[in-house]
Amino acid sequence: MMIAKVQKWGNSQGLLLNKDLLSEAEIEVGDEVDVVVREGALVVRPVRRVRGGHDLRELVRRIPKDYKPEEVDWGPPSAARSGDGGVHPSQRRPPRSHL
């Protein structure tokens, strides 16, 4: 437990938190945190991001309201996805016959 004092910083207020407390909460300087009030107490939790640091809810919010998805033609499958190890058809060897 730590006793902290609410301080004024410019037009905002803030708390100084010691390194051990942040470490215990798995929060580092520069991390984003969720701050909520529960039963009269401030609760601070680290924002957990996955897959490259993107929040799906935030990404979806950025989609324009008038966006209409379209089908995209990506062309025929490439050799790298055909299961032959990425060998171009012109460079494939014929199968060897067994005796």
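Would you be so kind as to identify which of L17, G30, Q7 lies farthest towards the positive end of the dipole of region 1-46, taking Lys and Arg as +1 and Asp and Glu as -1 on Cβ and the Cα centre as origin?
Of L17, G30, Q7, it is Q7.
With all protein chains present and a 1.4 Å probe, how do W74, W9 order by accessible area, largest first? Don't skip to the answer; put the middle values down first.
Details: W74 215, W9 125 Å².
The most accessible residue leads, giving W74, W9.
Quick one: order V44, V6 from most to least accessible surface, probe 1.4 Å. Walk me through the numbers before you get to the answer.
Working: V44 70, V6 105 Å².
The most accessible residue leads, giving V6, V44.
Taking R0 as 25 Å, what's the FRET efficiency between L59 and V29 from their Cβ-Cβ distance, rounded to 0.05? Please report the intermediate quantities before stating the final value.
On the way: r = 25 Å, r/R0 = 1.01.
The formula returns an efficiency of 0.50 here.
At 1.4 Å probe radius, can you tell me the per residue accessible area of region 12-55 in Å²? Before the final figure, lay out each step's value.
On the way: 3910 Å² over 44 residues.
Per residue, region 12-55 has an accessible area of 89 Å².
The values are calculated or read from the model by the stated rules, or taken from the named source; none is laboratory data. Owing to the predicted nature of the structure, the values given are computational and were not obtained by experimental measurement. As a convention, Cβ positions derive from the backbone with ideal geometry for all residues, glycine included, and neighbour counts pool all protein chains shown. Side chains included, ligands, DNA and RNA excluded: accessible areas come from the protein's heavy atoms. Shrake-Rupley method; radii C 1.70, N 1.55, O 1.52, S 1.80 Å.
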